[in-house]
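Chemist: Here it is: the structure, laid out below.
The values are calculated or read from the model by the stated rules, or taken from the named source; none is laboratory data. In this text, all values refer to a predicted model and were calculated from it rather than measured experimentally. Backbone-built Cβ (ideal geometry, glycine too); neighbour counts: all protein chains shown. Areas reflect the complete protein model, heavy atoms only, side chains present, ligands, DNA and RNA absent. Shrake-Rupley method; radii C 1.70, N 1.55, O 1.52, S 1.80 Å.
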Amino acid sequence: MPSGVFDSILLKHVWGTEELRAIFNDEKRVQKWYDYETALALSQAELGIIPQAAATEIALKAKVANVDLEAIAGEIRRTKHPLVPALRALQAICHDGHGEYLHFGPTTQDVLDTGTMLQMREAHAVFVRDLQDIGRELFRLAETYGDTPMAGRTHAVQALPITFGHKCAIWLAEAGRNYQRLTQLQERTFVGSLVGAVGTQASFGDLAFELDNKVMARLGLGVASISWQPARDRFVEYVGVLGMIGGSLAKIANEIILLAHNEIAELAEPFNEGKVGSSTMPHKRNPVICEGIVAVGRTLRYTVALMHEALVLEHERDATVWRLEWKALPEACLMTGAILEQMKYVLSDLQVHPGKMRGNLDVLGGFLLSERVMFALAEKLGKQTAHELVYDLSMQGTSKGITFRQALMESAQVKQAIGTEELGALLDPTTYVGFAPEIVERVLAETRASGWITSLH
């Protein structure tokens with residue numbers, strides 16, 4: 001039975017997806033090792049380094065379905081070596097001694113690193129696809145609610161009016177930058193390793209460079225200019241970007257939680273029939289999906305910190321970082337996949353309540369418009385004088401429990417400077433959203449022009 005959250009029958013849906021688990025399970029891990037050995041053997045045969053018959057036999061038999069993973073696992077525990085038992089298992093099923101040409105030159109880390117890179121490349125395609133889907137939903141929300149007024153909040157309390165579309169456009173622009181980060185690192189990240197025991201390629205002979213090119217071409221990876229066995233920055237950077245993506249989406253989830261508070265009730269995550277909020281309070285509709293995203297996002301950010309430990313290792317190779325990466329890399333990918341999948345679901349059916357947004361603009365009794373009134377008064381009184389006047393009236397009005405209009409009307413200076421009709425217009429929060437709609441349109445136009453989200457109308 002599973003004992004951890006990533007494979008728990010009860011909890012794994014929160015911490016990963018079936019698609020990502022299939023990429024990082026043991027079967028896929030060993031198959032990627034065998035894919036490397038196949039590419040190596042076939043390339044060596046092309047160059048006349050090993051017999052073609054041996055390469056053909058290795059390629060034919062190098063399927064994880066042909067070996068016993070439980071037996072390999074037992075041998076790993078006995079030999080204390082992570083790869084040799086898998087190689088021995090493959091060699092044993094190659095006929096006519098052709099298995100003697102298996103693993104002809106590389107070191108263990110060549111295979112492990114390249115195999116991991118192949119897994120990460122598969123996961124990368126999932127992340128790019130899902131981030132585009134999320135961008136599409138954010139684009140829709142920003143476009144739909146570009147003119148929908150709501151309270152902007154700073155330091156957790158109401159500040160000035162904005163539009164909900166403006167909030168969504170900020171999320172969209174950030175998602176676009178994360179998409180850029182994710183795609184810009186592809187070329188420098190997805191390379192393989194064929195350098196041998198200490199990175200000098202000595203075991204591959206005079207054809208080492210040509211062999212390296214051929215192997216990586218078969219695997220669809222780039223060729224590294226020098227050994228990266230003691231330089232783990234590629235993996236570290238990649239997980240760092242995943243942490244940024246997870247953090248950005250966790251922020252959105254946390255915002256949805258805040259705006260779903262009953263006292264605010266401007267947003268709510270999707271609700272499905274049968275969804276239960278409490279075992280004792282039947283009325284509850286808890287934001288459990290968003291809570292999960294926030295929790296997984298926090299854990300992902302700590303995994304980013306763990307990955308940075310892989311930057312420090314000894315000499316030309318150090319197996320301590322392997323063991324660290326075996327945990328951190330797959331878990332980071334699983335958590336990112338879970339966050340992306342859950343956020344796609346939340347945004348696709350996000351419950352938006354424009355009526356509550358409008359109603360909440362009046363919660364402060366008009367004090368939300370203090371800046372607007374201050375600038376109107378500044379034209380006649382001067383900015384600093386107007387600020388001090390409106391500040392005093394706001395503090396007094398709040399203490400007395402009266403509205404902003406009532407507080408202003410207690411001041412002779414205000415009455416003399418602003419007429420009743422003008423004051424009424426100034427206190428309409430729906431007309432003081434600045435250039436929020438125009439800013440939203442600018443972000444939407446830039447997003448369309450960038451082309452990072454496909455299928456936009």
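Chemist: Of the residues A265, A217, only one is assigned to a loop (DSSP other than H, G, I, E, B), at pLDDT 95 or above and either of a type outside the set (K, R) or open to solvent by less than 20 Å² (accessible area, probe 1.4 Å) (or both); which?
Modeler: When all the criteria are applied, what remains is A265.
Chemist: Turning to a different aspect of this structure: Could you please tell me which pairs satisfy a Cβ distance under 7 Å, a separation of 6+ or placement on different chains, a first residue in the range 59-82 that is within 23 Å of A319 (Cα to Cα), and a second residue that is assigned to a loop (DSSP other than H, G, I, E, B)?
Modeler: I76/P82
Chemist: Which of the residues that make up the range 152-174 are touching a Leu at 6+ places or on another chain (Cβ under 6 Å), assigned to a helix (DSSP H, G or I) and more than 15 Å from V352 (Cα to Cα)?
Modeler: The answer is W171, L172.
Chemist: Do the conditions hold for Q406, that is, is it over 45 Å from the mean Cα position of the chain (by Cα), farther than 16 Å from G365 by Cα and among the polar types (S, T, N, Q)? Give the steps one after another, and end with the answer.
Modeler: Working: over 45 Å from the mean Cα position of the chain (by Cα): yes; farther than 16 Å from G365 by Cα: no; among the polar types (S, T, N, Q): yes.
Taking the combined requirement at face value, the residue does not satisfy it.
Chemist: Ok, one more. Being surrounded by fewer than 17 Cβ atoms within 10 Å (Cβ to Cβ) and touching a strand residue (DSSP E or B) at 6+ places or on another chain (Cβ under 7 Å) is the filter here, so list the residues in the range 220-258 that pass it.
Modeler: Hits for the range 220-258 are G222, V223.
Chemist: Further, regarding this structure: Filtering the range 130-151 down to residues that are open to solvent by 40 Å² or more (accessible area, probe 1.4 Å) and assigned to a helix (DSSP H, G or I), which residue is nearest to E255 (Cα to Cα)? Can you show your working first?
Modeler: Step one: filter the range 130-151 for residues open to solvent by 40 Å² or more (accessible area, probe 1.4 Å), giving 133, 136-137, 140, 143-145, 147.
Adding the requirement that they be assigned to a helix (DSSP H, G or I) leaves 133, 136-137, 140, 143-144.
Values: D133: 20, R136: 19, E137: 16, R140: 18, E143: 19, T144: 19 Å.
Going through the qualifying residues, I end up with E137.
Chemist: Another question about this same structure. Looking only at residues that are surrounded by 18 or more Cβ atoms within 10 Å (Cβ to Cβ) and not in a helix (DSSP H, G or I) in the range 6-57, which one is modelled with the lowest pLDDT?
Modeler: Going through the qualifying residues, I end up with F6.
Chemist: Failed condition for T200, given (1) of a type outside the set (F, W, Y); (2) on the phi < 0 side of the Ramachandran plot; (3) in a helix (DSSP H, G or I), with all others met?
Modeler: Condition not satisfied by T200: (3).
Chemist: Given the criterion touching a Leu at 6+ places or on another chain (Cβ under 9 Å) and closer than 24 Å to L329 by Cβ, identify the matching residue among L47, L118.
Modeler: Numbers: L47 fails: closer than 24 Å to L329 by Cβ.
Within the list L47, L118, the selection yields L118.
Chemist: Please enumerate the residues belonging to the range 339-383 that are at pLDDT below 95, more than 15 Å from F404 (Cβ to Cβ) and not in a loop (DSSP other than H, G, I, E, B).
Modeler: Passing the criteria: A378, E379, K380, L381, K383.
Chemist: Quick one: count up the residues across the range 1-19 that are of a type in the set (G, A, S) and within 17 Å of the chain's Cα centre (by Cα). Quick ask: steps written out before the conclusion?
Modeler: Here is the first cut: in the range 1-19, the residues of a type in the set (G, A, S) are 3-4, 8, 16.
So of that shortlist, the ones also within 17 Å of the chain's Cα centre (by Cα) come out as 16.
Of the residues in that region, 1 qualify.
Chemist: Quickly run through the range 426-441 and pick out the residues that are assigned to a helix (DSSP H, G or I) and open to solvent by 60 Å² or more (accessible area, probe 1.4 Å). Give the steps one after another, and end with the answer.
Modeler: The initial filter retains those residues of the range 426-441 that are assigned to a helix (DSSP H, G or I), namely 426, 429-431, 436-441.
Once the filter is applied, which keeps residues that are assigned to a helix (DSSP H, G or I) and open to solvent by 60 Å² or more (accessible area, probe 1.4 Å), the range 426-441 yields T431, E438, E441.
Chemist: Looking for whichever is polar (S, T, N, Q), over 23 Å from the mean Cα position of the chain (by Cα), in a helix (DSSP H, G or I) and surrounded by 21 or more Cβ atoms within 10 Å (Cβ to Cβ) here; the options are Q91, Q109. Which one fits?
Modeler: That would be Q109, the only listed residue that is polar (S, T, N, Q), over 23 Å from the mean Cα position of the chain (by Cα), in a helix (DSSP H, G or I) and surrounded by 21 or more Cβ atoms within 10 Å (Cβ to Cβ).
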